[in-house]
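Worksheet for the structure shown next.
The values are calculated or read from the model by the stated rules, or taken from the named source; none is laboratory data. A quick note: this is a predicted structure, and the numbers were derived from the prediction, not measured. Neighbour counts are summed over all protein chains in view; Cβ atoms, including those assigned to glycine, are modelled from backbone coordinates with ideal geometry. Just the protein is used for accessible areas: all its heavy atoms, side chains included, with ligands, DNA and RNA removed. Shrake-Rupley method; radii C 1.70, N 1.55, O 1.52, S 1.80 Å.
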Amino acid sequence: MTEMLSALALAEAVRSGRLSPADIADRCADTIAAREAEIGAFAAIDLDALRQAARAPGLADGRLAGLPVGVKDIIDTADFPTARGSAIYDGHRPASDAAIVRMLAHAGGLIAGKTATTEFAFMNPALTRNPHHAGHTPGGSSAGSAAAVAAGMLPLAIGTQTGGSVIRPASFCGVAGYKASYKLLPTIGVKAFSWSLDTLGLFAARVADLAFAAGAITGRDFDLRDAGQPPRLAFVITARAEQATADAHAALDEAARAAERRGARVLGQILPPEVEAADAAHNIIQSYEVALALADEYDRHRERLSPVLRDYLDAARGVSPEHYDEARRTARRARHAAADAFANFDAVLTFSATGEAPEGLGSTGSPVFNRLWTLLGAPCVNVAGLRGAKGLPVGVQVVGRFGRDKATLNIARFLERAIAAE
């Protein structure tokens, strides 16, 4: 494996004069040229343009210091085609950038290319392969973003999560992944799948890199400082724990023990029935909304959709407004119940995925341990550093309180350091 690139360390090197944005772009371009044929992380890339853009004057003065960033290919870019993982949009060139792309540019980041996505960010796999083992899935739908960071091609990449499409590929690829609180990062210019669930996120080598990038992009204070008192963590396996493999259970237990040895309080918690009920509500909300979000593609180009998406949309059109409205009420009750249940905790510690990345490229894995937290709108962080029986990465997930993204990242860094100390 090529060593991953620390966004924070590279930015500091640029500011100190030890490196230039051109140096970093050259390094990324060389790694992409060497590994892209094996990994397939990109839907569109122009290495010559990246090298040239990195030599623009004043680039090092931006908050992102001219770092190259990958952008998931359901996010509009004027300078790259946006195919959305679908033949329907092959060669499609948006007239304008998505809001998040403009935010990256204003912060001094370089759009290195479009990272591969599943079709419309659903379940039909992209061609991307896991950098740790090409015969295993990198996850989905932000497959290319996670793989590009894991393979040392880029220090940062943007993804999205509607079910589990940031946390799961981050776990499978062994990188730090952050799904922001709902609406913290704007989804204007992102191809909608479910507007009540779609959330932007980031991939980087470590948690400190995520916090640096989040602060640089948003202009908010994400500076991680030692929190003082070790955190109080709720150890939650959910009612679906039987779907986790022995590797996932072992990783979660090991993470809990590591946190306790550094002073954290870790207490097992059972989710209230009102919260557990929201897991089923996720698919009802997603189904109703995607039937509208992809109505044009379904009506005009149904034969060009993959069978898995076509079948899902066939069923989704049967969800009634009454079922949708009740699911939304269920979600609202769950958010209130979760806030009460975790009032005495700083964050939840739970599974990131069912275990190691599944063998084969026909499936992207299950979002079973992600979709509930996405529905609640909470900030989620995959913490890497553990491995399963086959030697592949197995992450653990820190879920924070809504809007407390900085605090959640701080706790995730605490856990990351605890795991590394073991």
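Tabulated data
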{"read-out": "Sequence-separation-based contact order of region 268-343, relative, with Cα cut under 8 Å and 6+ spacing, percent", "value": "56 percent"}
{"read-out": "By average C-beta atoms within 10 angstrom, highest first, the peptides 5-15, 255-265", "value": "5-15, 255-265"}
{"read-out": "Rg/Rh (Cα only; Kirkwood hydrodynamic radius) as it applies to region 236-329", "value": "1.18"}
{"read-out": "Calculated FRET value between Ala34 and Leu267, using beta carbons and R₀ = 56 Å, to 0.05", "value": "0.75"}
{"read-out": "Cα-only radius of gyration and Dmax that characterise region 359-411, units Å", "value": "13.4, 37"}
{"read-out": "By average C-beta atoms within 10 angstrom, highest first, the peptides 148-159, 16-27, 34-45", "value": "148-159, 34-45, 16-27"}
{"read-out": "Residue-count net charge about Ala246 - beta-carbon cut-off 11 Å; Lys, Arg +1, Asp, Glu -1", "value": "-3"}
{"read-out": "For the chain, built as a Gaussian network whose Cα springs stay under 10 Å, the top-fluctuating residue of Pro138, Pro307, Pro94", "value": "Pro307"}
{"read-out": "Centroid-to-centroid separation of region 210-280 and region 403-422 [C-alpha atoms, Å]", "value": "9 Å"}
{"read-out": "From the C-alpha gyration tensor of region 108-161, square roots of 5λ in Å", "value": "18, 14, 7"}
{"read-out": "Simple label model, 7 Å out from Cα along Cβ direction - Glu276 to His92, nm", "value": "4.0 nm"}
{"read-out": "Gaussian network model of the chain, springs between alpha carbon atoms under 10 Å - residue of Ala384, Ala146, Ala98 with greatest fluctuation", "value": "Ala98"}
{"read-out": "Pairwise Cα inverse-distance average, inverted: Kirkwood Rh of region 1-159 (Å)", "value": "15.4 Å"}
{"read-out": "Accessible area in square angstrom per residue, region 67-144, 1.4 angstrom probe", "value": "29 Å²"}
{"read-out": "With every protein chain in place, region 1-99: carbon and sulfur % of accessible area (1.4 Å)", "value": "48 percent"}
{"read-out": "Computed over the chain: relative contact order in percent, which uses C-alpha pairs under 8 Å that are six or more apart", "value": "18 percent"}
{"read-out": "Candidate lysines for bridging to Lys179, where Cα separation is under 21 Å - those fewer than 8 sequence places away on the same chain excluded", "value": "Lys72, Lys114, Lys191, Lys406"}
{"read-out": "Ratio Rg/Rh, restricted to the chain and using Cα atoms, in which Rh is the Kirkwood radius", "value": "0.95"}
{"read-out": "Whole-angstrom gap from region 327-363 to region 286-320, using each part's C-alpha centre", "value": "26 Å"}
